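Contents: one structure, followed by commentary.
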Amino acid sequence: MATATASSASIRERQTVALKRMLNFNVPHVKNSTGEPVWKVLIYDRFGQDIISPLLSVKELRDMGITLHLLLHSDRDPIPDVPAVYFVMPTEENIDRMCQDLRNQLYESYYLNFISAISRSKLEDIANAALAASAVTQVAKVFDQYLNFITLEDDMFVLCNQNKELVSYRAINRPDITDTEMETVMDTIVDSLFCFFVTLGAVPIIRCSRGTAAEMVAVKLDKKLRENLRDARNSLFTGDTLGAGQFSFQRPLLVLVDRNIDLATPLHHTWTYQALVHDVLDFHLNRVNLEETSGVENSPAGARPKRKNKKSYDLTPVDKFWQKHKGSPFPEVAESVQQELESYRAQEDEVKRLKSIMGLEGEDEGAISMLSDNTAKLTSAVSSLPELLEKKRLIDLHTNVATAVLEHIKARKLDVYFEYEEKIMSKTTLDKSLLDIISDPDAGTPEDKMRLFLIYYISTQQAPSEADLEQYKKALTDAGCNLNPLQYIKQWKAFTKMASAPASYGSTTTKSMGLLSRVMNTGSQFVMEGVKNLVLKQQNLPVTRILDNLMEMKSNPETDDYRYFDPKMLRGNDSSVPRNKNPFQEAIVFVVGGGNYIEYQNLVDYIKGKQGKHILYGCSELFNATQFIKQVKYTFVVCFC
Amino acid sequence: MAVDITLLFRASVKTVKTRNKALGVAVGGGVDGSRDELFRRSPRPKGDFSSRAREVISHIGKLRDFLLEHRKDYINAYSHTMSDYGRMTDSERDQIDQDAQIFMRTCSEAIQQLRTEAHKEIHSQQVKEHRTAVLDFIEDYLKRVCKLYSEQRAIRVKRVVDKKRLSKLEPEPNTKTRESTSSEKVSPSPSKDSEENPATEEHPEKILAEAQPELGTWGDGKGEDELSPEEIQMFEQENQRLIGEMNSLFDEVRQIEGRVVEISRLQEIFTEKVLQQEAEIDSIHQLVVGATENIKEGNEDIREAIKNNAGFRVWILFFLVMCSFSLLFLDWYDS
């Protein structure tokens, strides 16, 4: 781990390694095929559950020797002679419950791991309870794990899932927020970011825009990192996980942005697979929940309503199809599923053919020589059966998910919205008027129309005239939308206009291949008639542009007055002049106030073109457009001119 | 990067202790505490389950050490270099095989026994789950160790087969040498016990054993009588024919050996899969039985409901009739 390229190991691997080490009683984990089994019980709270579930499956937990995994606040029976590994947040209730466990002598020995650092007083509470229960020797080890963040992808992380409301966009941008509340929110964010950097093992250079929530986070984070570095004895950033090469060359860049620079992207309709799944279906922590309606039944009046099967699927890094196609446009995904299905069927036929050959074998005695390669073929077929089954399962999974997404697309005409929004955001001429789309009754839910209109409102240079606005408003209310979000956006726009010019979205073109593609697509299983085969052209969202400027040290009026923090420098100075003139190799983009998969995909695409550079994307919470609008609906300003 | 604060914890324990002493709170600490702990530990159900589980694990560990120790000698020295060190005779190898198999059998029996007993007295769901998982781990461990053993065994079998194949490269001039080598092999063959893989070896051994008396009688026959030149020639032709036959037989037998080894391997895989399926089918069976029970109960419930409905109606009717009669009565009474 102490090589110069260690900083480019993915955050997911690091967190997984840290978790596995914790599960192995904090001794580095070594795979030994003839090792004796050791068994243990894992106890976590909801935070711990959210952190562990995207990274380790139940089977992997079993491989590590975990026989039972239980929630901290559930009823647990005493299991003698078993060491218990706790992975919890150091909150009051958790500490109380742990003390209760100590008193009830539930397990033989206790290995306590706290997700973020525990305070001295709480540690003394535990000590007190352990003394009272005479269980001090049973508490074998106590650790601060510094893992207070959730990693979803190799290069994407989210702060938390359980107390989302605390750090949501609404919480930060509420007009009636008090200072103390703001402090708590900032502290939570900074704590998680600090844990993130401890796990990453690097001290970043921080840049942020002025006058936003991001700046507050940056100041606090800088202070915390500085304090920790000062304390040379206990510093978390020295030790064997850092090589010498980490210091000067490979320091990553942390770009803190606030959600308010770009409110159009969360509302945008999207066309890539992962972002679509997040937008349209119930998808969080890498798990999709689908509702399948069972077939139409003749239900007599008064009988129970049609039962819907709920199915949930995990989309994990093991799933190769997902890894390959999560950023591809949807029609590509449909075609690939078809291809996979056909290759799977070919392999299945191969195996079946072998079976029939073997069946004929018994009658023909002179065919002993043929028998030899057939047994070899059979052996290889049998050993490849598990792979085939796995492939089939994945194909089924993706077929179901893609079908569900396709149904939504067709019902709401999402392709039309996508195309139109792209055109709006790139300021090309619009062929259909906005009013037409809004008043079109069968194109999408009222929410879709609201989103479209908000994007239009955000991206026009000058506000539409009063009469136009009234017309739009009337059309929107006819379609059934609530107009509250519009209020908020108006205020936001006024505010940002005072601060700086609104961001422009770069140029893009979309080609809609009409008739020919439709003919081609009718052959495929997914009947995509009417769904245009839109091709995405590379465009840079505002966040990507800011990152590009900062990483490549380009000079741009937008980013020139960003503040610069370097926790390693002795004097904290406020200069905006970056000391380091070289372009950065590693960057971490963190959006305070919420992020989404569209930005993530955009960053991934941007960095694909550059060799040897890595980007990590993080946000305080992950929401899709529906959730964002819900939050914005209730963010009112009592009096704002 | 985790930070070990165990020392900090112990330090806080000390501070709390001193603080409690200073405040005069009587909390079990110091010598009393440790004694209390000892006391508290003994009446706790130490669980002979876990101690027995650990015993089984230590047994398996011994088996593993034993196998690993002799592994080098086992595999090594198949060459006929007469080095003293590390040359195992076949009988020693057989002994090891036998011992290992007995060991494995006893271990798996012990695991089965533990499994049946584990679920007897315990009522808690979590403890049951925990014990099942522990037993799964132990079985897995046993399987891994058995794999060591079967790998060794497979290498040994393969070598024997290859050696036989090599020894038949020059059939005609080597008949005498073949006799000698086959006589070597006939002797260890009866001493091998029949488990899965040696079954394949028995078959060719038997053939060799049968072939040998033939050669023996033929060899004896040749040396005893005085033969005329025609007879000699005839005998020579017969010899050729017999040799040809024997060769083809041996070839076929060799091939069959190899195939049977492969087939047995495949059989193993199949039985594994079938056993897995059996478990699944059992669970499906349970579910179906449960479902039929539920349906029966459902039917009963429906029947009762219908009855109640009917009964209810009767009562309503009765009540209405009584009301009307009472009205008539009142009316008659009043007038």
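Let me spell out the model: positive unit charges on the Cβ of Lys and Arg, negative unit charges on the Cβ of Asp and Glu, origin at the Cα centre of the stretch A:11-147. What dipole size does that give, in debye rounded to 20? It would help to have the intermediate numbers written out before the result.
Numbers: 15 positive and 17 negative charges, 98 e Å.
For this selection, approximately 480 debye.
Can you figure out the FRET efficiency of residue A:229 with residue B:310, using R₀ = 56 Å and their beta-carbon distance, to the nearest 0.05?
Working: r = 85 Å, r/R0 = 1.51.
Between residue A:229 and residue B:310 the formula returns 0.10.
Other chains near B:5-18: what is the mean number of their Cβ atoms within 10 Å of each residue's Cβ?
Details: counts 10, 8, 1, 6, 12, 4, 4, 11, 9, 3, 4, 11, 4, 0.
Taking the mean over all residues of the peptide, I get 6.
Based on the Cβ-Cβ distance of residue A:96 and residue B:15, what FRET efficiency does E = 1/(1 + (r/R0)^6) give at R0 = 22 Å, to the nearest 0.05? Intermediate values should be presented prior to the final figure.
Values: r = 20 Å, r/R0 = 0.92.
Plugging the Cβ-Cβ distance into 1/(1 + (r/R0)^6) gives 0.60.
Over all directions, average the projected area of the Cα convex hull of the stretch A:11-147 and note it in nm². Mind showing how you got there, number by number?
On the way: hull surface 32.1 nm².
Mean projected area for the stretch A:11-147: 8.0 nm², to one decimal.
Could you sort A:168, A:356 by accessible area so the largest value comes first, with the probe set to 1.4 Å? Walk me through the numbers before you get to the answer.
Details: A:168 10, A:356 65 Å².
Solvent-accessible surface, decreasing: A:356, A:168.
Using the reciprocal of the averaged 1/r over all distinct C-alpha pairs, how large is the Kirkwood radius of the stretch B:239-335 in Å? Walk me through the numbers on the way to the answer.
Working: mean 1/r = 0.0455 Å⁻¹.
When all Cα pairs of the stretch B:239-335 are included, the Kirkwood radius is 22.0 Å.
Suppose all protein chains stay in the model; what accessible area per residue would a 1.4 Å probe give for the stretch B:47-167, in Å²?
Details: 6840 Å² over 121 residues.
With the other protein chains kept in place, the stretch B:47-167 gives 56 Å² per residue.
Compute the Rg to Rh ratio over the stretch B:47-167 from the alpha carbon atoms, using the Kirkwood formula for Rh, and round to two decimal places.
Details: Rg = 18.9 Å, Rh = 16.5 Å.
Rounded to two decimals, Rg/Rh equals 1.15.
Hey, which of these cross-link pairs are over 23 Å Cα-Cα: A:355/A:392; A:320/A:352; A:141/B:21?
Working: A:355/A:392 19 Å; A:320/A:352 26 Å; A:141/B:21 25 Å.
Listed pairs above 23 Å: A:320/A:352; A:141/B:21.
Please give the residues from the stretch B:108-145 for which the solvent-accessible area of heavy atoms, probe 1.4 Å, is smaller by at least 20 Å² with all protein chains in place than with the chain isolated.
B:124, B:126, B:127, B:129, B:130, B:133, B:134, B:137, B:141, B:144
Which value in nm describes the separation of the simple spin-label points at residue A:70 and residue A:556, placed 7 Å from the Cα toward the beta carbon?
5.4 nm
With a 1.4 Å probe on protein heavy atoms only, work out how much accessible surface A and B bury together, total over both chains, in Å² to the nearest 100.
Working: alone 31420 and 25890 Å², together 52200 Å².
That pair of chains buries around 5100 Å² in total.
Roughly how much of residue B:321 is accessible, in Å² to the nearest 10, using a 1.4 Å probe?
Number for this one is 70 Å².
With a 1.4 Å probe and all protein chains kept in place, how do B:285, A:408, A:325, B:123 rank by accessible area, largest first? Show your work: numbers first, answer last.
Details: B:285 110, A:408 65, A:325 15, B:123 165 Å².
So the residues, ranked largest to smallest area, are B:123, B:285, A:408, A:325.
Of the cross-linked pairs A:326/A:493; A:59/A:324; A:410/A:493, which ones have a Cα-Cα span greater than 27 Å in the structure shown?
Working: A:326/A:493 33 Å; A:59/A:324 24 Å; A:410/A:493 33 Å.
Long pairs (Cα-Cα over 27 Å): A:326/A:493; A:410/A:493.
Within 10 Å of each Cβ of A:76-83, how many other protein chain Cβ atoms are there on average? The partial results should precede the final answer.
Working: counts 2, 8, 5, 9, 8, 10, 5, 0.
Per residue, the number of nearby Cβ atoms from other chains is 6 on average.
Viscosity 0.692 mPa s, temperature 37 °C: Stokes-Einstein D of the stretch A:72-224 from its Kirkwood Cα radius, in µm² per second? Intermediate results must be reported in sequence, preceding the final value.
On the way: Rh = 17.7 Å.
Estimated diffusion coefficient is 186 µm²/s.
Quick one: of B:72/B:164; A:449/A:473; B:62/B:143; B:128/B:273, which pairs are farther than 20 Å apart, Cα to Cα? Let's see the in-between values first.
Numbers: B:72/B:164 23 Å; A:449/A:473 11 Å; B:62/B:143 14 Å; B:128/B:273 26 Å.
In this structure, B:72/B:164; B:128/B:273 exceed 20 Å between Cα atoms.
The values are calculated or read from the model by the stated rules, or taken from the named source; none is laboratory data. Quantities reported herein were computed from a predicted structural model and do not represent experimental measurements. Note: ideal-geometry Cβ built from the backbone for every residue, glycine included; neighbour counts use all protein chains shown. All accessible areas refer to the heavy atoms of the entire protein, side chains included, with ligands and DNA or RNA removed. Shrake-Rupley method; radii C 1.70, N 1.55, O 1.52, S 1.80 Å.
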